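The values are calculated or read from the model by the stated rules, or taken from the named source; none is laboratory data. Since the model is a prediction, treat every value here as computed from it, not as a measurement. When we count neighbours, we look across all protein chains shown, and the Cβ atoms used for this are built from the backbone with ideal geometry, even at glycine.
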Amino acid sequence: MVAVLLLLLFWLPDSWKLHFVFVRSDIEAGEWWRIITGQWMHWRFSHLAFNIAGIAMIWFLFAEHAPTRRYLLLLAVTTIGCMLGTYLFADSITQYVGFSGALYGMFAWGAVRDIRAKRYLAWLLLAIILGKVSFDYFVGPMSLGSTNADVLATPTHFFGVLSGIALALIQRTPSVHKHPAS
């Protein structure tokens with residue numbers, strides 16, 4: 001459902017998409033919805049396809065932790081947390097499109113949920129995610145021959161991860177009740 005929505009939004013005319021992109025100066029002028037909608041916009045199909053692959057991977061790895069209704073709520077929280085963090089603490093990001101901040105948040109959320117479910121390999125996944133986004137945020141992303149069009153908005157990834165971890169930690173873990181033997 002999320003992938004379908006992203007695809008539909010991708011095919012909007014560019015003149016319409018411009019009203020939804022995260023643009024700091026427009027947000028400061030009162031267009032607050034851009035904090036939410038910027039993550040849902042994509043300019044290039046390759047970027048969108050990569051984000052849709054991330055959605056599929058999250059579903060494959062962590063679907064048991066969130067039925068559809070809960071998944072959409074979790075996604076909304078990580079999206080808003082990611083972009084609010086970017087807006088409040090990353091003045092260098094003046095424009096943003098793409099879903100990767102929310103995806104990083106959902107990966108971190110899922111890793112913490114797996115840790116709480118005693119799947120200890122999830123510690124490795126969480127360490128990799130935290131290490132990567134922290135390195136990118138504090139040191140800078142490693143260049144893989146990217147062009148200006150492919151510049152990573154590393155603060156969105158960092159704040160996405162923080163949002164996902166915070167959300168997983170405050171969520172109540174369903175308790176497993178053992179029934180006494182009769």
Answer with yes or no whether TRP59 is modelled with pLDDT under 95 and under 14 Å from the mean Cα position of the chain (by Cα).
yes
Output yes when any residue across the range 124-137 is among the aromatic types (Phe, Trp, Tyr), surrounded by 14 or more Cβ atoms within 10 Å (Cβ to Cβ) and within 10 Å of GLY164 (Cα to Cα), and no when none is.
no
Right, PHE107: surrounded by 15 or more Cβ atoms within 10 Å (Cβ to Cβ), aromatic (Phe, Trp, Tyr), under 22 Å from LEU169 (Cβ atoms) and in contact with a Lys or Arg (Cβ under 7 Å, 6 or more places away or on another chain) or not?
no
Mind listing whichever residues of the range 28-50 are under 13 Å from LEU84 (Cα atoms) and charged (D, E, K, R)?
GLU28, ARG34
What number of residues in the range 22-75 are closer than 14 Å to GLY105 by Cβ, surrounded by fewer than 16 Cβ atoms within 10 Å (Cβ to Cβ) and not hydrophobic (A, V, I, L, M, F, W, C)?
0
